[in-house]
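What follows is one structure encoded as structure tokens, with my remarks underneath.
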Amino acid sequence: MLVGVKRPNQQWPTESSLAELERLAQTARAEVVATTFQRLESPNPRTFIGSGKVDEVAQLCRSYAADLVIFDDELSPSQTHNIEKALGRRITDRTRLILDIFVQRAQTAYAKTQVKLAQYEYMLPRLTGMWTHLERQRGGTGTRGGAGEREIETDRRVIRNNIAKLKEDLKKIDRQMAVQRSNRGSLVRVSLVGYTNVGKSTLMNLISKSDVFAENKLFATLDTTVRKVVLDNLPFLLSDTVGFIRKLPTQLVESFKSTLDEVREADLLLHVVDISHPNFEEQIAVVRETLREIGAGDKPVFMVFNKVDAFRYKPKEEDDLTPATRENLSLDEIKRSWMAKGDTPCIFISAKERLNIDKLRTDLYGMVREIHAGRYPFNNFLY
């Protein structure tokens, strides 16, 4: 069961955020049986939602036989404990759900190390709720020794040691990857960025003719893949990166520092957008905000609107005098509005159906050639 809170002046519509949470739950192999939200000025410090809503959620859990309740925001350790006590059900939040998905998706030792670190940092303040037996272990010699440390204190120490070790491991990997990046020679670096599940890996396969894992699921890609691509006479490096999402856990942003270094050190960003998604403009805003947070907000950007084959809209009736909404705009109208802005070059394609791909290659070639000629003026092209 999913639970959200609708606050005044919040950044994202609650309904679309809960719809995304449902997709996250399905990706984590959970079945969603009910969804509810509450309008609040600010979350309740004890139970996040009001006491009346807690009773309503308990009733819904009994009606639908739900054994897990997922909240759309990150809960504090005390809120999780209080809600579990009130509902008698397992409680998780959006952050924990995303971490669980990352655990399932991590393939390489590097990605697994990053995810493990994020998990431990999330768990550390939440250990209290995981233990019901908090008696102290016996300490000292014989039977006269003083009380030892509590089991929870032992676990905190173990987790802190693990966090320290993983951070050291990541530092070594960061150094290795920095050396790898510095050894790539005089090649322009292009990075694919965008919201999760917009078709970055499919586009990567199309441009680089490689075989990167692509699947119609959230966070199918966790490991950064770098390929050397040659368009006509121009070689450059193309990297596929982890997708962004709203309310991205801070632990993951910290842990995936090296992965995001590919974006920070790129010369050009291909911002891939799912034009068929009803909230694609919100997703663009999330990606731009995340790029600013990681220090890549000033990079040159090429907007690639993907999935035009799946785009749908509702034409307005001729006698309907109400203002047109986003769902009434045709693809041509959206194209005209984006191209009229003129500040960012853009193109509309379908990677799956290979629509407008030749034009994408031509435009990309022109941009990369311009960067290459400016950065490496004495470096000849292949021929």
### Residue-averaged [θ]222 nm for the chain, counting only DSSP H segments that reach four residues, each worth -39500 (n - 2.57)
-14000 deg cm²/dmol
### Task
May I ask you to derive the relative contact order of the stretch 2-101, considering only C-alpha pairs under 8 Å and at least 6 residues apart, and to give it as an integer percent?
32
### Message
Apply the a/c threshold of 1.5 to the C-alpha gyration tensor of the stretch 279-383 and tell me whether it is rounded, prolate or oblate.
### Response
prolate
#### Entry: Residue order, fewest to most beta carbons within 10 Å, for 289, 327
327, 289
### Query
Just how far, in whole angstrom, is the stretch 28-47 from the stretch 271-308 if you go by their alpha carbon centroids?
27
### Task
Sort 28-35, 202-209 for me by packing, meaning the mean count of neighbouring Cβ atoms within 10 Å per residue, highest on top.
202-209, 28-35
### Task
Using packing as a proxy for protection, rank 97-106, 237-246 so that the peptide with the highest average count of other Cβ atoms within 10 Å comes first.
237-246, 97-106
### Query
Given a cut-off of under 8 Å on Cα pairs at least six residues apart, what relative contact order in percent is computed for the chain?
12
### Task
Of the listed values (i) 1.53; (ii) 0.99; (iii) 1.16, grab the one calculated as Cα Rg over 2.2 N^0.38 Å from the structure here.
(iii)
### Residue order, fewest to most surrounding Cβ atoms within 10 angstrom, among 261, 343
343, 261
### Query
Using a ≥ b ≥ c from the Cα gyration tensor of the stretch 186-375 (square roots of the eigenvalues), is it rounded, prolate or oblate, where a/c under 1.5 gives rounded and otherwise the larger of a/b and b/c decides, a/b for prolate?
prolate
### Order of 200, 352 - criterion: other Cβ atoms within 10 Å of each residue's Cβ, fewest first
352, 200
### Query
Rounded if a/c is under 1.5, else prolate if a/b beats b/c, else oblate: with a ≥ b ≥ c from the C-alpha gyration tensor eigenvalues square-rooted, which is the stretch 2-101?
rounded
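Each reported figure results from applying straightforward, stated rules to the coordinates on display, with no laboratory input. Just so it is clear, the structure is predicted and the values come from calculations on it, not from any experiment. Here Cβ is always computed from backbone atoms with ideal geometry, including for glycine, and neighbour counts include all displayed protein chains.
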